[in-house]
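Here the structure is laid out as structure tokens; the discussion comes afterwards.
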Amino acid sequence: MAVVAKRLIPRCIGAKVLLLGAFTLALYLNMGVCQNLPKTNSASPKYDLKAETKLNGTLEEVKLFDFATRKDFVELVLKSGDIRIVVYVCPKPFQDEMGITFTKGDAITITGAKIKQQESDVILVRELVRGQDTLLFRDDKGNPVWDSRTGK
């Protein structure tokens, strides 16, 4: 009997260590899942046809920024009188594929929906007119004309 008892003791200790390890792992995983993760702007704001407006102005700045799930969204700053208006246009891959370029000083007219982005007002462009060119970025319901997965 003494031989059998010696073999059972190491197995019991091993089982206790294994059980304690599994419990500790489950506890830490649960704590990690329950933490508040930093909020990112992963949802694309909805285009509101009721908030649609038309503006004329001069292009003051062109830049790329993170918008919704994209890290390469084209943002324009339009100057209309004394007002500077931030305008969200389209993903950079769509701009490149369509051969669209924006140059500081261009006189443009935009049709788009005003939205609240953080603490400022921004316009989601549906249509942009520059000279004789009319560029459509959203359909008549406000849905983007580019593929949301590829940005093209």
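Descriptive notes on the structure:
- With a Förster radius of 25 Å applied to the C-beta separation of Gln117 and Glu97, the computed FRET efficiency comes to 0.50.
- Cross-link pairs beyond the 24 Å C-alpha cut-off, checked among Lys79/Lys141; Lys114/Lys141; Lys54/Lys141; Lys50/Lys152; Lys79/Lys152; Lys46/Lys152: Lys79/Lys141; Lys50/Lys152; Lys79/Lys152
- Here Thr109 and Lys71 are evaluated by their C-beta separation; at R0 = 41 Å the FRET efficiency comes out at 0.90.
- Projected onto their three principal axes, the Cα atoms of region 49-136 cover extents of 33, 31, 24 Å, largest first.
- For Ile83 and Lys63, the difference between the fully extended length at 0.36 nm per residue and the C-alpha to C-alpha distance is 5.4 nm.
Throughout, read-outs are computed from the coordinates displayed, never taken from laboratory work. This structure is a prediction, so every number in the text was calculated from the model and none was measured. Every residue, glycine among them, receives a Cβ derived from its backbone with ideal geometry; neighbour counts consider all protein chains shown.
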